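Visitor: First, the structure itself, so that you have it in front of you.
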């Protein structure tokens, strides 16, 4: 840091009566600012970082070495000039020269010095530009379609998408030489919507645009880009109820943060008036005391012809693997009741859903459970072979494409551990489509613990329910 400290003392000589001192210091600060802009250094650690710097980016270590050497040349040259000017000041005070030619010669020397310094700074700019261009050029999007950030007009999305080289040119702990920010390719097809989503004031409250965000997600622009604004919160937030109480108690209406649903309170959502709710698939699931309370612990309706039911009970499913089911995922449309019931059995369940017509995620969180805001488009954010159980209801049914079903089931298989359970809960479809769908489940080659097909009586008997509890096999690698 001695070099830096010497430079920072530039302005103290002769009471700032020589502009050259200030200009020399500013020239060095320009080079520092340039490097900071490119995220290679921080002002606090200039000397330490550059004196110990070694370029580690494969194929570009020479650029890092040249950058380091250039900065050292800048520091050395400014130091030498400072020392020379110190001597000149001392001699000037002793002899007090006053000739114009002497002053002109001194100014010429100062100008030449600044020209040399600026030339060195320019070489720093060039080295950094070459380095950044080499990082960007190696990205597949650059090779195929050019710089992805150039596709968008809104500056905030351009900043997000732009590839960002690591500081000092070093590989990060993930083995990458830069940050390649992820948004789905569908975001490029939904350019206008994404530009609107990223149109906000940095550091201010985000726009009330969750419906736009969900539209982007559902149509494949997933994951969404991060934003630099603050998410909207309830105007009158009240602390949630204590755990256990919160599981089966309707949240306080002061904790409402949505504005674009017909119902503006949890009480309205729980009321048995579906015309006011504005959502489907789960018309009564906000009614915790009457509709949700019995689910998975009381026997469902038994079909009189088959004497079977599509509703399995939690205790009988857990008895298949006593003590082994500890963590899992519920991929459903609902308010987290399955996770609440499993919590009573000391099983931790993450509930994945979207706010399809109602504030499901807010409700799940206020019940003291964990919501995962996730669409069917996205790969599950869990590592391989880690979950004990995956449960799904009201999510997979006869709307889903058969190839998409394969992708979904095999991603579930990826995160489910060997011996883990896949609980398909009341999948329904047209009778003529049943065999096609069942082939998708059979292709997993799971062990069957439960497997039933019963008529769905409310649709002119054209549809059927399918429910199953299946166990993932070990599949040892060869």
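Visitor: Give 333, 325 a once-over and let me know the one that is buried (at least 18 other Cβ atoms within 10 Å of the Cβ), at pLDDT 95 or above and in a loop (DSSP other than H, G, I, E, B).
Guide: Checking each option against the conditions leaves just 325.
Visitor: So which of 437, 446 is surrounded by 13 or more Cβ atoms within 10 Å (Cβ to Cβ), farther than 21 Å from residue 339 by Cα and modelled with pLDDT of 95 or more?
Guide: 446
Visitor: Of all residues in the range 387-407 being out of contact with any strand residue (DSSP E or B) (no Cβ under 6 Å at 6 or more places or on another chain) and within 21 Å of residue 350 (Cβ to Cβ), which is surrounded by the fewest Cβ atoms within 10 Å (Cβ to Cβ)?
Guide: Ranking the candidates gives 407 first.
Visitor: Hey, residue 258 hits all of (1) within 23 Å of residue 339 (Cβ to Cβ); (2) assigned to a loop (DSSP other than H, G, I, E, B); (3) in contact (Cβ under 8 Å) with a residue 12 or more places away in the chain; (4) not assigned by TED's automatic domain parsing to the domain that holds residue 378 but one; which does it fall short on?
Guide: (4)
Visitor: Looking at (1) surrounded by fewer than 16 Cβ atoms within 10 Å (Cβ to Cβ); (2) closer than 24 Å to residue 377 by Cα; (3) touching a residue at least 12 places away in the same chain (Cβ under 8 Å), find the lone condition where residue 417 falls short.
Guide: (1)
Visitor: Also, quick follow-up: Which members of the range 302-322 meet the condition of being outside any loop (DSSP other than H, G, I, E, B) and either touching a residue at least 40 places away in the same chain (Cβ under 8 Å) or closer than 20 Å to residue 382 by Cα (or both)?
Guide: 317
Visitor: Scan the range 231-243 and tell me whether some residue there is modelled with pLDDT under 85, surrounded by 14 or more Cβ atoms within 10 Å (Cβ to Cβ) and in contact with a helix residue (DSSP H, G or I) (Cβ under 6 Å, 6 or more places away or on another chain).
Guide: Checked against the condition, which is being modelled with pLDDT under 85, surrounded by 14 or more Cβ atoms within 10 Å (Cβ to Cβ) and in contact with a helix residue (DSSP H, G or I) (Cβ under 6 Å, 6 or more places away or on another chain), the range 231-243 yields at least one hit.
Visitor: Within the range 129-141, is even one residue within 26 Å of residue 216 (Cβ to Cβ), at pLDDT 75 or above and surrounded by 15 or more Cβ atoms within 10 Å (Cβ to Cβ)?
Guide: The answer is no, given that none of the residues of the range 129-141 is within 26 Å of residue 216 (Cβ to Cβ), at pLDDT 75 or above and surrounded by 15 or more Cβ atoms within 10 Å (Cβ to Cβ).
Visitor: Scan the range 339-360 for residues that are at pLDDT 95 or above, farther than 21 Å from residue 411 by Cβ and crowded, with 17+ Cβ neighbours inside 10 Å and jot them down.
Guide: If the condition is that a residue be at pLDDT 95 or above, farther than 21 Å from residue 411 by Cβ and crowded, with 17+ Cβ neighbours inside 10 Å, then 340, 341, 342, 343, 347 are the ones that fit.
Visitor: Go through the residues of the range 235-255 one by one and say whether even a single one is within 19 Å of residue 373 (Cα to Cα), touching a residue at least 24 places away in the same chain (Cβ under 8 Å), outside any strand (DSSP E or B) and out of contact with any strand residue (DSSP E or B) (no Cβ under 6 Å at 6 or more places or on another chain).
Guide: Filtering the range 235-255 for residues within 19 Å of residue 373 (Cα to Cα) gives 255.
Adding the requirement that they be touching a residue at least 24 places away in the same chain (Cβ under 8 Å) leaves 255.
Those still in the list that are outside any strand (DSSP E or B) too: 255.
If we keep only those that are out of contact with any strand residue (DSSP E or B) (no Cβ under 6 Å at 6 or more places or on another chain) too, we end up with 255.
Scanning the range 235-255, I find at least one residue that is within 19 Å of residue 373 (Cα to Cα), touching a residue at least 24 places away in the same chain (Cβ under 8 Å), outside any strand (DSSP E or B) and out of contact with any strand residue (DSSP E or B) (no Cβ under 6 Å at 6 or more places or on another chain), so the answer is yes.
Visitor: Hey, among the residues in the range 332-351 that are without any contact (Cβ under 8 Å) to a residue 24 or more places away in the chain and under 22 Å from the mean Cα position of the chain (by Cα), which one's farthest from residue 286 (Cα to Cα)?
Guide: 350
Visitor: Residues that are within 16 Å of residue 159 (Cα to Cα), assigned by TED's automatic domain parsing to the domain that holds residue 151 and loosely packed, with under 15 Cβ neighbours inside 10 Å: does the range 212-226 have at least one?
Guide: no
The values are calculated or read from the model by the stated rules, or taken from the named source; none is laboratory data. Note that this is a predicted model, so its numbers are computed, not measured. Every residue, glycine among them, receives a Cβ derived from its backbone with ideal geometry; neighbour counts consider all protein chains shown.
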